[in-house]
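The values are calculated or read from the model by the stated rules, or taken from the named source; none is laboratory data. Keep in mind that this is a model prediction, so the values were computed, not measured. For neighbour counting, all protein chains shown are included, and Cβ atoms are generated from backbone atoms with ideal geometry for every residue, glycine included.
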């Protein structure tokens, strides 16, 4: 074509070399860092070896060195995330916003947009069997309470030796009757301006023995 600028074969080869060098440098370049808020939340599986502590006020429960897991879809089986998956087996600190501790078993874990690893308890993790540490004082009156911990080796609840919590019960009428010390029931944790956390009975309390003593002894 008349008036057109045509590159020589040698010039074209030089252009191709420059393009290859630029593309090569781009492939090897590290991506520009994104601000943490841009990170998308991700869902993982975790299994702590001990219970994750409860939240206290604005201080979340915290447990270090919690292993991550994945489900092998071919088998299927739950197995640990290994180094080849981009994660080490025991290097995540889990936080909890629950008012009660979370049992040490498989649970859903979220990595939030800011990079925090957050444990998501199931509803059953929030219900605890607890034991009256004194005679029931009446409807809507706080009382001393021994918290229970599920024991998978005996399929039963183990209770604290002494009261460490406050409970409250709205299931009984003002006229009673009310159970004595040693009775047990299902409780969930509620926020309290007075006690920090108070455990509300969510079912009728009963005795684990004829004398209603010993909290299951």
What is the residue count in the stretch 122-137 for residues that are surrounded by fewer than 16 Cβ atoms within 10 Å (Cβ to Cβ), more than 12 Å from the chain's Cα centre (by Cα) and in a loop (DSSP other than H, G, I, E, B)?
3
Which condition from (1) assigned by TED's automatic domain parsing to the domain that holds residue 131; (2) at pLDDT below 90 is the one that residue 216 breaks?
(1)
Could you identify the single residue in 148, 203 that is in contact with a strand residue (DSSP E or B) (Cβ under 8 Å, 6 or more places away or on another chain), part of a strand (DSSP E or B), closer than 11 Å to residue 129 by Cα and not assigned by TED's automatic domain parsing to the domain that holds residue 99?
148
Using the structure shown, decide if residue 119 is assigned to a strand (DSSP E or B), touching a residue at least 12 places away in the same chain (Cβ under 8 Å), closer than 27 Å to residue 66 by Cβ and in contact with a strand residue (DSSP E or B) (Cβ under 8 Å, 6 or more places away or on another chain).
yes
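Results for (1) touching a strand residue (DSSP E or B) at 6+ places or on another chain (Cβ under 8 Å); (2) outside any strand (DSSP E or B); (3) at pLDDT 85 or above, shown as yes or no for each residue.
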{"residue": "94", "(1), (2), (3)": "yes, no, yes"}
{"residue": "100", "(1), (2), (3)": "yes, yes, yes"}
{"residue": "115", "(1), (2), (3)": "no, yes, no"}
{"residue": "139", "(1), (2), (3)": "no, yes, yes"}
{"residue": "153", "(1), (2), (3)": "no, yes, yes"}
